Structure formats: structure tokens, C-alpha cells
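Encoded as C-alpha cells, the structure appears first; notes follow it.
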Amino acid sequence: MKKTAKLIVAAMSVLLCSASALSAEVKSLRGDDIATKAKAPERMEVMNVKGGIERSYKLQPPMVPHEVEKYEINLKVNACLSCHGETTYQEKQAPKVGESHYATRDGKVLEHISSRRYFCTQCHASQMGADPLVQNNFQGAK
């Protein structure tokens, strides 16, 4: 019986301590009041670059020099292929999908784009006209 009473007293004291801690003003690691909302970031425009964007290093996937946010890419549709596909790239005057996209991981050449390379935006991204978040002295391979 004495053990049970001690456990009840210990549990009650823990509850009282945690209740008083919760009532204290909560601050973030930055020291701001958490009720303060952060400003929404500025909306950056996608860079539309005629002729493409220069690569920073060898074997870098090319950057997309135009807007692709509203392009539909799913298991049934790939809007990128409407311009960059095997049958349309000449008519649209767009770069053709690379030959590496038609190979399996074992090196077997396919007649259609490999499922590993079908979702273009996994590797290829549009370039924003934004300043770097952290200053650096990176020099791409020229």
C-alpha cells in the first residue's frame, strides 16, 4: 500500500510540473515567439534561356531553360516528350532526349525511353533567377 501511495504522489508531482512547464511561453530556437508567422518567400521567376543553360560539371543533367511547373508527368503522360521525344524534337526545334535514356541498367538498348529515365524532373530542373542562399566560391568545370 505504501508503494502505491508513493507512486501516486510521484505521478501527481510529474503532472503538476509538466503543466506549469506547458503554461510557460514557448519560444523557437531563434528566440522568436512561435505565434509569429514568417514572411512568405518572394516568388522567383523561372529563367527562360534561349539555347539552354551551360552545365557546371561533366555529366550534369541539363537544366531546363523554360517553365515546367504545369507539365503533366505521370505513368500515362509525359508532357516533356511532346517536344523532346524521338518523333517530335525536329519539328519543335528542341533537343532530343539523350541516347542514355533509351538503355536499361544492363546496357540493353530499348525502342522507347527506359522507365528509369521517364520522370524527367527527377534529374532535370528549371533554373530560377535567385541569389544563392549561402555565399560560396564554386567554380564549374569549363
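The values are calculated or read from the model by the stated rules, or taken from the named source; none is laboratory data. These figures come from a predicted structure and were not determined experimentally. Every residue, glycine among them, receives a Cβ derived from its backbone with ideal geometry; neighbour counts consider all protein chains shown. Accessible surface is based on the protein model in full, side chains and every heavy atom, while ligands, DNA and RNA are left aside. Shrake-Rupley method; radii C 1.70, N 1.55, O 1.52, S 1.80 Å.
For segment 32-81, what are the residues that are part of a loop (DSSP other than H, G, I, E, B) and polar (S, T, N, Q)? So that I can check it myself, show each step before the final result.
The initial filter retains those residues of segment 32-81 that are part of a loop (DSSP other than H, G, I, E, B), namely 32, 34-45, 47-63, 65-72, 74-77, 79-80.
Thr36, Asn48, Ser56, Gln60, Asn74 - these are the residues of segment 32-81 that are part of a loop (DSSP other than H, G, I, E, B) and polar (S, T, N, Q).
Please identify the pairs in which a residue from segment 49-77 that is closer than 14 Å to Phe119 by Cα has its Cβ atom under 7 Å from the Cβ atom of a residue that is aromatic (Phe, Trp, Tyr), counting only partners at least 6 apart or on another chain.
Ile73/Phe119
Go through segment 85-130 and report how many residues are assigned to a helix (DSSP H, G or I) and in contact with a strand residue (DSSP E or B) (Cβ under 9 Å, 6 or more places away or on another chain).
4
Looking only at residues in segment 101-136 that are under 20 Å from Pro65 (Cα atoms) and of a type in the set (S, T, N, Q), which one is least open to solvent (accessible area, probe 1.4 Å)?
Ser126
Please state which one of Lys58, Lys37 is open to solvent by 80 Å² or more (accessible area, probe 1.4 Å), over 14 Å from Gln127 (Cα atoms) and modelled with pLDDT of 85 or more.
The conditions single out Lys58.
Taking segment 94-136, which residues are aliphatic (A, V, I, L, M), closer than 18 Å to Arg55 by Cβ and without any contact (Cβ under 8 Å) to a residue 24 or more places away in the chain?
Answer for segment 94-136, where residues must be aliphatic (A, V, I, L, M), closer than 18 Å to Arg55 by Cβ and without any contact (Cβ under 8 Å) to a residue 24 or more places away in the chain: Ala94, Val97.
Condition first: over 20 Å from Ala141 (Cα atoms), open to solvent by less than 100 Å² (accessible area, probe 1.4 Å) and β-branched (Val, Ile, Thr). Now tell me which residues in segment 61-100 satisfy that.
Hits for segment 61-100 are Val68, Ile73, Val77, Thr88, Val97.
Just for segment 1-34: of the residues that are of a type in the set (A, V, I, L, M, F, W, C) and within 30 Å of Asp131 (Cα to Cα), which one is modelled with the highest pLDDT?
Applying the filter and picking the extreme gives Leu29.
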